[in-house]
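Peer 1: Below is a structure I'd like to ask you about.
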Amino acid sequence: MRDQRPQIRQGDVLLLPAPRPCRPQRAMGPDGHPLAGVRIEGERTGHAHELAGRVYDVGSARMIFLERPTSLTHQEHAEIEVPAGWWTVRQQREYVPQQRRAARRWD
């Protein structure tokens with residue numbers, strides 16, 4: 001059955017609904033404790049997007065599991081309630097054509 005939850009975007013953060021992964025591994029912080037949420041710094045202002053939940057690394061993806069609806073917050077955006085379930089977390093970047101051209105060298 002297809003997931004009916006919509007993707008959610010708030011500034012630099014994109015949350016994509018996801019099925020439960022086969023072998024989720026808890027993401028650990030630098031202190032060796034499991035992460036209890038995501039904090040994504042914005043590109044320009046230094047403000048952060050924050051979402052509390054259990055964080056997992058699944059392959060190269062970062063996922064979060066929410067046991068109940070939880071607020072995604074940021075100082076410059078309206079709060080968004082994120083439904084319970086599994087979510088893939090992506091940080092979006094501003095596209096700057098000059099940087100892309102400089103990074104793509106053929107010689």
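Peer 1: Starting from the Cα of R90, move 7 Å in the Cα-to-Cβ direction to define the label point; list residues of region 55-76 whose amide nitrogen is under 18 Å from there.
Peer 2: Once the point is set 7 Å along Cα→Cβ of R90, 56-65 turn out to lie under 18 Å by backbone N, inside region 55-76.
Peer 1: For H33 and H47, compute 0.36 nm times the residue count separating them, minus their Cα-Cα distance, and round to one decimal in nm.
Peer 2: Gain on extension, H33 to H47, equals 2.6 nm.
Peer 1: Under 5 Å between amide H atoms, partner at least 5 residues away or on a different chain: which partners does L35 have, H built in plane at 1.01 Å?
Peer 2: For L35, whose amide H was placed from the backbone, the distant partners under 5 Å are A27, M28, G29, V55.
All of the numbers you see were taken from the coordinates with simple rules; none came from a lab. Keep in mind that this is a model prediction, so the values were computed, not measured. Cβ: placed from backbone, ideal geometry, glycine included. Neighbour counts: every protein chain shown.
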